[in-house]
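Before any comments, here is the structure.
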Amino acid sequence: MEFNNLKKWQDKLHVCIRCGYCFEHCHLFKITGWESDAPRGKLVMLHALLQGDIDPSDSIAEKIFECYMCKRCEASCSAKVEITELFQDARTDFAEAGYDVTGTTSKTNEDKCGMCQSCISVCKHEARSVDEENDKIVVDIVKCQSCGCCVATCPTGAAYSREGFGLTQNELCQQVKNYLEGGTV
């Protein structure tokens with residue numbers, strides 16, 4: 001696999017001093033506690049890929065696509081690494097290589113979709129479009145930044161995000177229920 005877009009970041013990957021300040025602000029790391037979910041862990045993986053120390057895989061691609069692109073990691077980065085732009089280029093390379101992963105990107109349940117195109121009109125990243133030939137809504141996994149606007153707007157519940165990161169409607173409702181019942185969030 002060629003990393004044509006990621007190669008331009010090779011020198012920036014060396015700038016990361018591995019301080020871990022990005023951990024403090026990463027939603028995924030707070031949920032899982034796994035180094036591979038934190039920006040620093042992902043930067044280490046990308047560096048190893050570029051050096052040929054590890055081979056590309058579905059699991060690595062999945063980790064790179066597991067990011068909400070909120071840029072909070074960048075705001076706390078003492079080395080000023082442009083982490084989300086770097087991840088965006090890595091996503092492009094994985095997608096161009098044919099990796100079809102979900103990560104935190106939104107999806108569309110075609111059985112529920114009424115083709116109202118509300119999700120398209122609210123997507124500020126232009127990640128959703130109509131596949132005219134197949135008459136369905138498609139999501140560009142590289143452009144999707146997991147903001148959730150499409151999920152919140154969809155009147156039929158056809159637009160959704162993968163559960164497990166604590167942000168889907170079901171997960172948030174369960175957290176509220178647990179809190180109200182005196183449990184933990």
Show me the helices (runs of 4 or more DSSP H) found entirely inside the stretch 95-185 where at least 1 residues are aromatic (Phe, Trp, Tyr).
169-180
As an exercise: evaluate Val81 against (1) over 12 Å from the mean Cα position of the chain (by Cα); (2) β-branched (Val, Ile, Thr); (3) buried (at least 17 other Cβ atoms within 10 Å of the Cβ); (4) in a helix (DSSP H, G or I) and give the number of the one condition it does not meet.
(4)
Of the residues in the stretch 44-70 that are hydroxyl-bearing (Ser, Thr, Tyr) and farther than 19 Å from Gly148 by Cα, the one that is surrounded by the most Cβ atoms within 10 Å (Cβ to Cβ) is Ser57
Index of the failed condition, Glu96 passing every other in (1) out of contact with any helix residue (DSSP H, G or I) (no Cβ under 9 Å at 6 or more places or on another chain); (2) over 29 Å from Asn134 (Cβ atoms):
(2)
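Name the one entry in Val122, Val151, Val176, Val130 that is more than 23 Å from the chain's Cα centre (by Cα), more than 23 Å from Asp58 (Cα to Cα) and of a type in the set (A, V, I, L, M).
Val176
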Do we have Asp37 as within 22 Å of Ser161 (Cα to Cα) and among the acidic types (Asp, Glu) here?
yes
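Looking at the structure I just gave you, is Gln88 buried (at least 17 other Cβ atoms within 10 Å of the Cβ), farther than 15 Å from Asp37 by Cα and either touching a Lys or Arg at 6+ places or on another chain (Cβ under 9 Å) or not aliphatic (A, V, I, L, M) (or both)?
So Gln88 fits the description; yes.
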Please work out which residue is surrounded by the most Cβ atoms within 10 Å (Cβ to Cβ), limiting yourself to the stretch 122-162 and to residues that are small (Gly, Ala, Ser) and closer than 20 Å to Asp89 by Cα.
Ser146
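Please verify whether Cys123 is modelled with pLDDT of 95 or more and within 30 Å of Lys7 (Cβ to Cβ), treating the condition exactly as stated.
Details: modelled with pLDDT of 95 or more: yes; within 30 Å of Lys7 (Cβ to Cβ): yes.
Yes, satisfied.
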Are any residues in the stretch 12-43 over 17 Å from the mean Cα position of the chain (by Cα), in a helix (DSSP H, G or I) and surrounded by 14 or more Cβ atoms within 10 Å (Cβ to Cβ), and if so, which ones?
Lys12, Leu13, Tyr21
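The values are calculated or read from the model by the stated rules, or taken from the named source; none is laboratory data. Keep in mind that what you see is a predicted model, and the values were worked out from it rather than measured. A quick note on method: Cβ atoms are made from the backbone with ideal geometry, for glycine too, and the neighbour counts reach across all protein chains shown.
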